[in-house]
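Peer 1: First the structure, then my questions, so here it is.
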Amino acid sequence: PCIDLETTALNEMVAAIVGIALATGPGRAAYVPIGHVSGDGDLLGMVERVPGQLALEPVLAALAPLLADPAILKIGQNLKYDLLVLRKYGLELAAIDDTMLMSYVLDCGLHGHGMDELSQLHLGHAPIPFKEVAGTGKAQITFDRVALDVATRYAAEDADITGRLHRLLKPRLAREHLVSVY
């Protein structure tokens, strides 16, 4: 399956998991929200948890065996980030493929290797831009404050696109004799 974490920050050392997107095939993706909040917070900074979410601990406990199983390939984009965030929660990823690294090995100097650029280049699809989901500048919000319906579309699309990219890039590694480099 493809996995993509949605978090509160780009710095993995301070990021908290907000949700987990999973895709099992083209057009078969889901988002599991676990940390969305609403409100501006009271004097102590307390915010309300958005209803309709699962609790963090049971979700991570349910996913832990899948994530750690070396017999099940986990696919992601820039998995180093996700791996570091998951380690903070005591989880490990075994048997991984990273589409960002595949792209770099295959086409290192030809273009960027971010998911949005790869999607446009290889799939002819412009994914939902993060700025449409979270805003920009002073108006930008963290992902935990993104509405669940918007977060679901964005995150599930990311996992789906990553899987589609994997189906294109992985065979190229063998055809172009770059498996050992990857």
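The values are calculated or read from the model by the stated rules, or taken from the named source; none is laboratory data. Given the structure is predicted, the values throughout are model-derived calculations rather than measurements. In this analysis, Cβ positions are derived from the backbone assuming ideal geometry, glycine residues included, and neighbour counts consider all displayed protein chains. When the accessible area is computed, the model is the full protein with side chains, heavy atoms only, and any ligands, DNA or RNA have been set aside. Shrake-Rupley method; radii C 1.70, N 1.55, O 1.52, S 1.80 Å.
Peer 1: Before rounding to the nearest 500, sum -39500 (n - 2.57) across all DSSP H runs of length at least 4 in the chain and divide by the residue total; then give [θ] at 222 nm in deg cm²/dmol.
Peer 2: Taking each H run of at least 4 residues, the total per residue is -11500 deg cm²/dmol.
Peer 1: Turning to a different aspect of this structure: At a 1.4 Å probe, what is the % contribution of carbon and sulfur to the accessible area of segment 56-124?
Peer 2: C and S atoms contribute 63 percent here.
Peer 1: Summarise the long-distance tail of P(r) for segment 39-172 by giving the % of C-alpha pairs beyond 23 Å.
Peer 2: Numbers: 4175 of 8911 pairs.
Result: 47 percent of Cα pairs exceed 23 Å.
Peer 1: Ranked from highest to lowest mean number of other Cβ atoms within 10 Å per residue, what is the order of the peptides 81-93, 133-145, 150-162, 19-31?
Peer 2: Working: 81-93: 16.1, 133-145: 13.7, 150-162: 22.4, 19-31: 18.9.
Most protected by this proxy first, the peptides run 150-162, 19-31, 81-93, 133-145.
Peer 1: Right, another one. Dipole size in debye (nearest 20) for segment 82-182 around its Cα centre, Lys and Arg Cβ +1, Asp and Glu Cβ -1?
Peer 2: Once rounded to the nearest 20, the dipole reads 40 debye.
Peer 1: OK, next. Report, to the nearest 10°, how far helix 56-68 tilts away from the longest principal axis of the Cα atoms in the chain, using its own Cα long axis and a range of 0 to 90°.
Peer 2: 10 degrees
Peer 1: Moving on. Over segment 82-182, what is the mean sequence separation of C-alpha contacts under 8 Å (at least six apart), divided by residue count, expressed as relative contact order in percent?
Peer 2: 32 percent
Peer 1: Moving on. Which Cα, out of 115, 99, 9, lies furthest along the positive dipole direction of the chain (beta carbon charges, K/R +1, D/E -1)?
Peer 2: The residue sitting farthest along the positive end of the dipole is 99.
Peer 1: While we're on this one: So for the chain, averaging the separation of alpha carbon pairs under 8 Å that are six or more residues apart and normalising by length, what relative contact order in percent results?
Peer 2: 28 percent
Peer 1: Calculate, for the chain, the solvent-accessible area per residue in square angstrom, rolling a 1.4 angstrom probe over the heavy atoms of the protein chains.
Peer 2: 54 Å²
Peer 1: Cα atoms only: what Rg and Dmax, in Å, come out for segment 115-182?
Peer 2: 15.5, 47
Peer 1: Given Cβ point charges of +1 (Lys, Arg) and -1 (Asp, Glu) and nothing else, what value in debye, to the nearest 20, does the dipole of the chain about its Cα centre take?
Peer 2: Result for the chain is approximately 360 debye, rounded to the nearest 20.
Peer 1: Roughly what angle does helix 148-175 make with the longest principal axis of the chain, taking Cα atoms, 0 to 90 degrees, to the nearest 10?
Peer 2: Helix 148-175 and the main axis of the chain meet at about 20 degrees.
Peer 1: A follow-up question, please. Among the lysines, select those whose C-alpha is under 25 Å from the C-alpha of residue 74, and discard any that sit fewer than 8 residues away in the same chain.
Peer 2: Result set, ordered by chain and number: 88, 170.
Peer 1: Which of the three applies to segment 80-141, rounded, prolate or oblate, going by the alpha-carbon gyration tensor with a ≥ b ≥ c and a/c under 1.5 meaning rounded?
Peer 2: oblate
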